[in-house]
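Participant: Got a structure here, written out as C-alpha cells. Questions coming.
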Ligand SMILES: [Zn+2]
Ligand SMILES: [Zn+2]
C-alpha cells in the first residue's frame, strides 16, 4: 500500500514529505493508521546528525499514537480497531533485563536507530525501490506504519490520541525519571534544567509525589511561566541569573535533594551537579550528542559530597505497564496532557514544527493526521 511520510534523506537537511510503498504486516507485525505524533528533540538530533543513525533514507518520529488496521498471523493480543501508543524502546521479553521487569534496558535498545525491523528487513520503500529505515523501529512521521508487536501498547479507546501520543516518550521519560529513577521523596527539593517535553513531565512527577520546592530553569520566560502551571514553585532564567547561586539562595545554601538535566549538554549537567546538596541525586535525562565524551565534574567533589550521578532512559519504566497507568492518571485529572500540546502541525508543516521547537516556542508540538 501507499503512505505519505516525512523522510530524512540527508543528514542536516529538512525532511521531505513523499509517498512511500508500505509492506503488508508480516507474521509479528502491526499495521497502524497514525493519528498524532509528538515532535521530540531526539528526532531532531537524528536529523541533524548529533545522534548517528544507521542509514538514510529514514522516517523519523517515535512519539506516536494511532489505530490498528491489520495484524500479522503471529499477533494474538492486538486487534484491528485497537487504539495504541507506540513504544520507542521495544521489549523482547526474553533478555535478562526484560525478564527482570527492566524493559527500559532491553537488549534490543542499541538496535533501534539502525533502520531495519527486528527481523533485519524493511517495511518502507521509496518509489524507486530504495529501502527506508524506521527510527526507533517505528517511523511514526507517516500516515501509516508497520511495526513489530513488541513496539505496541494497547490503550483505552476513550482517551484522545493527541494526548495519548505524548505518553509514548516525553511523559513516560520525564515522569518516570522523577518517580522511578530518582524516587523523589515527599517534602524534598528538586531542580529541573530544561522545561520542554521531558522537563515539564519531570515537574509533574515531582509535584505528584509532593516535592515542596520545585525549581524550573530554562532560557525562555514564557516556558518558565508554563512550568509554574505544571507545579514549579520557583523559576530561574539561566540567561539572566546564575543558576547555581540562585538555587543556593532558594535552598538556604544547601542545594537541592534532586537535580535533573533535560537539556543534554555537559556544562548544564555540571551545573546540576553543583546545585545538588550533599547526598543528593543528579539525574541526566537528556540525550547528549555523541560528540561530547566527558563531563566537567570534579571527581574529588563526587566523593566528598557523596552525591549520586545517574542516567535515566525511558523513565526507567516498564512502558507497557507505565503508559496505561499514566493515561489512567490523566483520566483522573492527576496529570496534565492536553496542556502539554502548544502547537499542532500537518505532516507537510513538520520542518516548521522543528524550527518552532528549536526556537523555544513549544512544550510539545504534534503532527496531527
Ligand atoms: Zn522522544
Ligand atoms: Zn529484552
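The values are calculated or read from the model by the stated rules, or taken from the named source; none is laboratory data. Model, not experiment: these values are computed from the prediction. With ideal geometry, Cβ positions are generated from the backbone for all residues, glycine too; neighbour counts draw on all protein chains shown.
Participant: Out of region 73-94, which residues are surrounded by fewer than 22 Cβ atoms within 10 Å (Cβ to Cβ) and over 20 Å from residue 143 (Cβ atoms)?
Facilitator: The answer is 73, 74, 75, 76, 77, 79, 92, 93, 94.
Participant: From the list 66, 54, which residue is more than 16 Å from ligand 1 (Cβ to nearest atom) and assigned to a loop (DSSP other than H, G, I, E, B)?
Facilitator: Being more than 16 Å from ligand 1 (Cβ to nearest atom) and assigned to a loop (DSSP other than H, G, I, E, B) holds for just one of 66, 54, which is 54.
Participant: Here's something else I'd like to know. In region 95-117, which residue that is away from ligand 1 (no atom under 16 Å from the Cβ) and under 27 Å from residue 156 (Cβ atoms) is surrounded by the fewest Cβ atoms within 10 Å (Cβ to Cβ)?
Facilitator: 101
Participant: Being over 17 Å from residue 24 (Cα atoms) and under 20 Å from the mean Cα position of the chain (by Cα) is the requirement here; does residue 108 meet it?
Facilitator: So residue 108 fits the description; yes.
Participant: If a residue has to be modelled with pLDDT of 95 or more and more than 16 Å from ligand 1 (Cβ to nearest atom) to count, how many in region 78-93 make the cut?
Facilitator: Number satisfying all stated conditions: 7.
Participant: If you don't mind, there's one more thing I want to ask. Looking at region 253-267, can you tell me whether even one residue there is surrounded by fewer than 22 Cβ atoms within 10 Å (Cβ to Cβ), assigned by TED's automatic domain parsing to the domain that holds residue 193 and in contact with a helix residue (DSSP H, G or I) (Cβ under 6 Å, 6 or more places away or on another chain)?
Facilitator: No, every residue in region 253-267 fails to be surrounded by fewer than 22 Cβ atoms within 10 Å (Cβ to Cβ), assigned by TED's automatic domain parsing to the domain that holds residue 193 and in contact with a helix residue (DSSP H, G or I) (Cβ under 6 Å, 6 or more places away or on another chain).
Participant: Filter region 323-345 down to residues that are within 18 Å of the chain's Cα centre (by Cα) and either in contact (Cβ under 8 Å) with a residue 12 or more places away in the chain or at positive phi (or both), then give me how many there are.
Facilitator: Selection size over region 323-345: 15.
Participant: Restricting attention to region 11-23, does a residue exist that is within 23 Å of residue 150 (Cα to Cα), in contact with a strand residue (DSSP E or B) (Cβ under 8 Å, 6 or more places away or on another chain), within 16 Å of ligand 1 (Cβ to nearest atom) and at pLDDT 95 or above?
Facilitator: There is no residue in region 11-23 that is within 23 Å of residue 150 (Cα to Cα), in contact with a strand residue (DSSP E or B) (Cβ under 8 Å, 6 or more places away or on another chain), within 16 Å of ligand 1 (Cβ to nearest atom) and at pLDDT 95 or above.
Participant: May I pose another question? Sort out which residues of region 208-221 are farther than 21 Å from residue 249 by Cα and part of a helix (DSSP H, G or I), and write them in order of number.
Facilitator: Result: 208, single match.
Participant: When you look at residue 167, is it in a strand (DSSP E or B), more than 23 Å from residue 307 (Cα to Cα), away from ligand 2 (no atom under 16 Å from the Cβ) and at pLDDT 95 or above, yes or no?
Facilitator: No; evaluated as a whole, the condition is false for this residue.
Participant: Okay, next question. With in contact with a strand residue (DSSP E or B) (Cβ under 6 Å, 6 or more places away or on another chain), at pLDDT 95 or above and either more than 16 Å from ligand 1 (Cβ to nearest atom) or not assigned by TED's automatic domain parsing to the domain that holds residue 105 (or both) as the only criterion, which of 203, 198 stands out?
Facilitator: 203
Participant: Can you tell me which residues in region 358-369 are assigned to a helix (DSSP H, G or I) and surrounded by 23 or more Cβ atoms within 10 Å (Cβ to Cβ)?
Facilitator: none
Participant: On to the next question. Return only the number of the condition from (1) assigned to a helix (DSSP H, G or I); (2) in the same structural domain as residue 305 (by TED's automatic domain parsing); (3) touching a residue at least 40 places away in the same chain (Cβ under 8 Å); (4) in contact with a helix residue (DSSP H, G or I) (Cβ under 7 Å, 6 or more places away or on another chain) that residue 178 does not satisfy.
Facilitator: Every listed condition holds for residue 178 apart from (2).
Participant: Working only within region 49-72, note down all residues that are surrounded by fewer than 24 Cβ atoms within 10 Å (Cβ to Cβ) and more than 21 Å from residue 109 (Cα to Cα).
Facilitator: Within region 49-72, 67, 68, 69, 70, 71, 72 qualify.
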